[in-house]
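The values are calculated or read from the model by the stated rules, or taken from the named source; none is laboratory data. Source: prediction; values computed, not measured. Positions of Cβ are generated from backbone atoms using ideal geometry, with glycine treated the same way; all protein chains shown enter the neighbour counts.
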Amino acid sequence: MYAIATISQSALLHNFSVVKKYAPQAKIVAMIKANAYGHHIDLVIPLLENADVLAVSELKEAKKLREITDKPILLLSGVYSSEELQQAIDLNCHCVVHHTSQITLINNTTQALNVWLKADTGMHRLGLSSGQYQECLSSFKTNPLINITCIMSHFACADKRNHPMNQMQFEAFNTLTDNKNNRSMANSAAILSLSKSLFDKVRPGIMLYGASPFTDNDFTLKPVMQLCAPIISIKVLQAGESVGYDSTWIAGKQTTVVTIGIGYGDGYPRGARNGTPVLISGTLCPLVGRVSMDMIAVDIGNKKVSIGDKAILWGDKRLRVETIAQYSNTISYELLSNVSARVSVISGQ
Ligand SMILES: *Cc1c(COP(=O)(O)O)cnc(C)c1O
């Protein structure tokens with residue numbers, strides 16, 4: 001008995017249609033990095049027939065992806081050596097140029113290359129300043145092998161609706177890229193809340209997987225991953241008895257506590273606090289005590305359950321991964337992408 005993550009095909013297709021609804025004119029660059037946010041690329045790619053481009057962070061991911069698809073692959077951090085450039089060309093990747101150290105390297109290409117220029121409009125992580133952007137443009141303009149496919153930038157605070165950074169970055173991007181057709185700025189949060197930033201290519205990640213970047217609205221997104229694990233022990237505790245490491249939870253009255261076969265070794269967050277909901281035969285029951293490597297304990301009161309019954313940890317409309325993220329002081333992105341190799345990930349309806 002072990003933990004299983006089921007990937008809902010219909011939910012992913014539905015979420016893709018939500019992207020289309022919010023950005024009907026835009027091309028869709030589906031974010032597939034980190035093994036499709038933990039959903040496994042081999043299960044997800046067949047459902048993304050209508051995506052225009054697939055984006056990953058690293059060559060290693062691009063390589064895996066190329067084995068299963070002919071679609072354009074965007075390499076989000078670009079290349080850092082001539083060997084990497086050659087590999088990117090062999091895999092027919094589009095390369096992001098985000099740093100001036102990549103200019104000479106890219107200019108030495110011996111084959112035609114699609115390049116996405118990444119501008120830094122305020123996030124200050126990756127991206128060219130406006131001076132560097134101009135330098136890049138003029139350098140690449142004279143190279144017939146380089147096709148500047150798109151100008152992109154990334155929002156720092158798109159999940160905070162009225163954050164002043166959003167307007168600032170939007171304006172900086174607009175000024176820099178005036179009258180250019182091929183532009184991309186919007187991640188999921190911007191797709192759902194900043195329609196003027198859609199431009200002609202959008203980059204949805206988390207919303208494809210059915211988690212909302214906002215705490216106050218799920219935008220009808222449907223959870224794609226359902227994480228389940230079996231009940232492996234049932235005990236009746238008396239008032240005053242504790243459960244788990246460090247005895248952080250003590251029963252206030254007689255109650256039934258079940259042990260579920262999932263823990264931080266599977267990617268269930270160790271930070272999940274007492275009271276984090278777990279769905280057991282239709283009822284939300286509170287997690288009690290510390291999360292261990294292989295198991296958690298849940299107070300089910302006087303419910304009747306059996307060994308082997310399955311508990312849902314997240315991925316149900318009554319128990320979204322966003323809720324678990326709140327209870328464990330993190331974000332849905334981290335929980336989904338942290339599901340470990342020990343968990344079987346399977347395809348479902
Ligand atoms: C991951 C990523 C996205 C997608 O962000 P979500 O919030 O998951 O929609 C978009 N753009 C870039 C550059 C990214 O790295």
Can you tell which of Leu284, Leu237, Leu227 is at pLDDT 95 or above and either within 30 Å of Ala55 (Cβ to Cβ) or within 16 Å of the ligand (Cβ to nearest atom) (or both)? Leu227
Name every residue in the range 185-196 that is in contact with a Ser or Thr (Cβ under 8 Å, 6 or more places away or on another chain) and either among the charged types (D, E, K, R) or under 24 Å from Leu137 (Cα atoms) (or both), in order of residue number. Met185, Ala186
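Assess whether Leu117 counts as being buried (at least 21 other Cβ atoms within 10 Å of the Cβ) and under 23 Å from Ile73 (Cβ atoms). Steps first, answer last, please.
Working: buried (at least 21 other Cβ atoms within 10 Å of the Cβ): yes; under 23 Å from Ile73 (Cβ atoms): yes.
So Leu117 fits the description; yes.
Going through Leu227, Leu192 one at a time, which residue ends up being among the hydrophobic types (A, V, I, L, M, F, W, C), in a strand (DSSP E or B) and under 17 Å from the mean Cα position of the chain (by Cα)?
Details: Leu192 fails: in a strand (DSSP E or B).
After applying the criteria, what remains is Leu227.
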Pair list, Cβ < 7 Å and 6+ apart or interchain, from the range 33-50 residues that are charged (D, E, K, R) to residues that are within 16 Å of the ligand (Cβ to nearest atom): Lys33/Ala55; Lys33/Val56; Lys33/Ser57; Lys33/Glu61; Lys33/Leu76
Scanning the range 327-337 for residues that are surrounded by 16 or more Cβ atoms within 10 Å (Cβ to Cβ), among the polar types (S, T, N, Q) and touching a residue at least 60 places away in the same chain (Cβ under 8 Å) gives Ser332, Ser337
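Suppose the filter is under 28 Å from Leu208 (Cβ atoms) and charged (D, E, K, R); does Lys310 pass it? Give the derivation first.
Working: under 28 Å from Leu208 (Cβ atoms): yes; charged (D, E, K, R): yes.
So Lys310 passes the test.
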So, in the range 150-191, exactly how many residues are among the hydroxyl-bearing types (Ser, Thr, Tyr) and modelled with pLDDT of 95 or more? 3
Search result, residues across the range 224-251 that are among the aliphatic types (A, V, I, L, M) and surrounded by fewer than 13 Cβ atoms within 10 Å (Cβ to Cβ): Val236, Ala239
Of the numbered conditions (1) within 25 Å of Ser332 (Cβ to Cβ); (2) out of contact with any Ser or Thr (no Cβ under 6 Å at 6 or more places or on another chain), Arg161 satisfies every one except a single condition; which is it? (2)
Enumeration of residues in the range 156-215 that are among the aromatic types (Phe, Trp, Tyr) and either within 10 Å of the ligand (Cβ to nearest atom) or under 15 Å from Ala26 (Cα atoms) (or both): Phe199, Tyr209
Among residues belonging to the range 313-326 that are touching a residue at least 40 places away in the same chain (Cβ under 8 Å) and in a loop (DSSP other than H, G, I, E, B), point out the one that is farthest from Ala211 (Cα to Cα). Lys317
For Thr255, only one of the following conditions fails: (1) surrounded by 20 or more Cβ atoms within 10 Å (Cβ to Cβ); (2) more than 22 Å from Glu334 (Cβ to Cβ); (3) not basic (Lys, Arg). What is its number? (1)
